[in-house]
Amino acid sequence: MASPDGAPHTADAVGAPPAVEQVKQAAKEQQIDPYNVSGGVDENGNVTAIDYDALRVRFNTPALTQEHLDRFERVTGKPPHRLMRRKLFFSHRDFDKILDYYEKYGFFLLYTGRGPSSGSMHLGHAVPFLFTKELQDIFDVPLVVMLTDDEKFLYTRNKNQGKITKGAALGDFIEYAKQNCKDIIALGFDLKKTFIYTDYEYMGGHFYQNITEFEALLTNNQIRGAMGFDGSTNIGLNAYAAKQCVAAFASSYPTLFGAGDFRAPNYEEARPRKHIAAIPTLIPCAIDQEPYFRLLRENCDRMEFPAPKTALILSKFLTALQGPGGKMSASDPNSAIFMSDTSKQIEKKVNRFAFSGGGATKEDHEKYGGNPDVDVAYAYLSYFLESDDELKEIEESYRKGTLSTGELKKRCIKELQKFVEAFQERRAKVTDEIMREFMTPRKLEFKGNPNATASIEEAVTEKKPEEKQENTSGKLTKGERKALKIAEKKAEKLALREKGQAGEEPKAEDA
Ligand code: TRP
C-alpha cells in the first residue's frame, strides 16, 4: 500500500507518529495509559494498529452496544450521536445508570478536560469536545471543562529531568490553557451551562478540600501501577491524579449549583454539601484516561460526603494522518490537522500524508478495490459526515474500487475544510471578555429532562433539619455502627487489592 504520491509508509515517513519511530526496536505490546499511547510492534518491526478490543478486555470496560444507543434514543428523544453510531465512542462504565438517574432526576454533571500541551488544538482534540457539546445540548445539563495546565507543566518538567526548556516554562502552560479555552468555546458551548477553568486559577475552596481528601485515599503504589510511574517520577505528578479525579465531583463546584465555596470573601460553608456531592457525573473521554477514573470509581464512596460512581463514555483515538498505531500528536505538525490550519494546508496534508487503503496502482485499485478499514481519509469522513447513507455509499464504492483514493480524499478534504473554516470564523470572535465569562464560577442555568419524575431542586437541596433524625446522645446509632463496619471492610479489601497492582475493577460491578 502506498499513498497517492507514492511515498512509502516506512519508519522514515515524514512526520511519523512516535510509535512509528520506535519501529526498529523489538516486538512489543501496545501501551496505553494517560502518558503513553502507542500500538504494538510485531516481529518484523511493523507498528500494529491499536487493538481496542484487547484494551477493553484489559481495562475491563464493557462495550457500548446497540441497546445503549436505543435506550439513549428513548430517554432523550434524539437519535444517538453519529460518533456513537460510528463507534468512535465504543465503551463505557455505568452509562445505563446515568440514563436511569436522568430519567428520574432529570440532570447530571458532565465533566471533561484537556491538557494544554500546545497553543493550537488539532482535530483529535476537537472531536471529543464536539461530542461533549452535543451531549450537553441533548441532555441540557451543566458541564465543567478542566484545563490541566499544572499536569502538563509537571509532566514536561518530569520528562526533562527537572530542566526548564523552551516553550515549557510554567507560564507557557498558563498561556496554552487560555488559547485552548478559546478554541473550546469556539466549538459552540452554551455559556449558561458551561464552566471552563484552569487548575492554577480555580483550585481552592471545596475543590481543594476534595483533593486532599482524595490524596489521603491513594497510595504511591496505586499511582505507579496505574500511570506507569516509578520512584524517580516527581512528586507533583504523583499527586496530580487526585486533582483530575475529584474534578468529577459536583461538590468541587458548589457555586455552579448556587452554594457557597469557603473562599474569600465567603467563608460560611466550611465543608462541601452532602446533596451536591451526591449528584452523579458522566465523563466523555478517550480511553487513555481510564486509569485515572478507575481510581476515582474505586474511591467515590470513601469520601466523607460520598459521590456515586462516576459514569464514563470512552472513545478511541483519532488516528494520526500516517495511520494506525499512533494518534494525532501536537508535537508533530504532520501527524495532525490543526484547528488553525488553512484550507490549503488541509488539502496538502490529506493528499500528502493521509495513509491510504487504496490499491498500489490505479489498475490494482480498480481490479481489487480499496480498504476503507485502514484508510485515514475514510476514517476522518466517518467522524464528520452526518448522513449514514452517504457514508455507506462511499464505503461500498471504495471497497469495489469504483471510487478512487483521489476522489475519497477530495471528499474528505471538503468536509474537513468546512468544519475548520466554520470553527475559525467563530474562534475569531472569542474575545478575552467572552473567555473570562466562561471562566467565572457562577450559578449555571439548565433545564435537564422535561419528563423527569423528580425535580432538580429536590436533588440538590439539603433536607430540612426537621426531616433529619438528629442523634445527640454522642453514641453511634445502630445504622451508624453498621455503616462503619462496612466502610472498614471496604478499606481492608482495597488495601489488599492495592498490594497487587492498580486494582482492576471486579467483573461483577459491570455485569
Ligand atoms: N489529562 C487530560 C489530558 O492530558 C486532561 C483531562 C483532565 C481530562 N480531566 C479530564 C480529559 C477529564 C478527559 C476527561 O488531556
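Taken together, the values in this text are just the output of simple stated rules run on the coordinates, not laboratory data. Just so it is clear, the model here is predicted, and its values are computed rather than measured. Note: ideal-geometry Cβ built from the backbone for every residue, glycine included; neighbour counts use all protein chains shown.
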* To do: Rounded to whole Hz and in sequence order, give me ³J(HN,Hα) for the stretch 149-166 from the Karplus expression 6.51 cos²θ - 1.76 cosθ + 1.60, θ = phi - 60°, writing x for Gly and Pro.
  => 4, 5, 4, 5, 4, 4, 5, 5, 4, 5, 4, 9, 6, x, 7, 7, 10, 5
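Expressed in nm to one decimal, what extension gain is obtained for the pair residue 87 and residue 344 from 0.36 nm per residue of sequence separation less their Cα-Cα distance? Don't skip to the answer; put the middle values down first.
Numbers: separation 257, 0.36 × 257 = 92.52 nm, distance 2.98 nm.
Contour length minus the Cα-Cα distance gives 89.5 nm.
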* Label point distance in nm, residue 200-residue 352, each placed 7 Å from Cα along Cα→Cβ -> 3.4
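Between rounded, prolate and oblate, where does the stretch 343-424 land on the alpha carbon gyration tensor, with a ≥ b ≥ c its root eigenvalues, rounded for a/c under 1.5, else prolate if a/b exceeds b/c?
Values: a/c = 2.59, a/b = 1.49, b/c = 1.74.
The shape class here is oblate.
Let me know the shape class of the stretch 135-254, please: from the alpha-carbon gyration tensor, a ≥ b ≥ c as square roots of the eigenvalues, rounded when a/c is under 1.5, otherwise prolate if a/b is greater than b/c, or oblate. Please report the intermediate quantities before stating the final value.
Working: a/c = 2.28, a/b = 1.34, b/c = 1.71.
In terms of gyration-tensor shape, oblate.
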* To do: Just grab the label-to-label distance for residue 429 and residue 361, each label 7 Å out from Cα along the Cβ direction, in nm (one decimal).
  => 5.3
* residue 212 versus residue 437, label points 7 Å from Cα toward the beta carbon: distance in nm? -> 3.6
* Whose amide H sits under 5 Å from the amide H of residue 198, counting only residues 5 or more places off or on another chain, with H placed in the peptide plane? -> 147
* What is the dipole size for the stretch 65-169, taken about its Cα centre, with +1 at each Lys and Arg Cβ and -1 at each Asp and Glu Cβ, in debye to the nearest 20? -> 600
* Would you mind classifying the stretch 217-370 by shape? Square roots of the alpha carbon gyration tensor eigenvalues, ordered a ≥ b ≥ c; an a/c under 1.5 is rounded, otherwise it is prolate if a/b is larger than b/c and oblate if not. => prolate
* Asked: Which cross-chain or sequence-distant (5 or more) residues have an amide H under 5 Å from the amide H of residue 358, H modelled 1.01 Å from N in plane?
  -> 371
* Per-residue HN-Hα couplings for the stretch 426-441, Karplus 6.51 cos²θ - 1.76 cosθ + 1.60 at θ = phi - 60°, whole Hz, x for Gly and Pro? -> 5, 4, 4, 8, 7, 7, 4, 5, 4, 4, 5, 5, 5, 8, 8, x
* Per-residue HN-Hα couplings for the stretch 215-222 [Karplus 6.51, -1.76, 1.60; θ = phi - 60°; Hz; x = Gly/Pro] -> 4, 6, 9, 9, 10, 4, 4, 5
* To do: Please report how far the C-alpha centroid of the stretch 334-410 lies from that of the stretch 205-230, rounded to the nearest whole angstrom.
  => 43
* Dipole magnitude of the stretch 227-333, debye to nearest 20 (Cβ charges: Lys/Arg +1, Asp/Glu -1, about Cα centre) -> 200
* Report the paramagnetic label zone for residue 422: residues of the stretch 381-413 whose backbone N is under 12 Å from a point 7 Å from Cα along the Cα-to-Cβ axis. => 384-387
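With an 8 Å Cα cut-off and a minimum separation of 6 or more residues, compute the relative contact order for the stretch 172-277 in percent.
Details: 73 pairs, mean separation 27.2, N = 106.
Normalised by residue count, the contact order of the stretch 172-277 is 26 percent.
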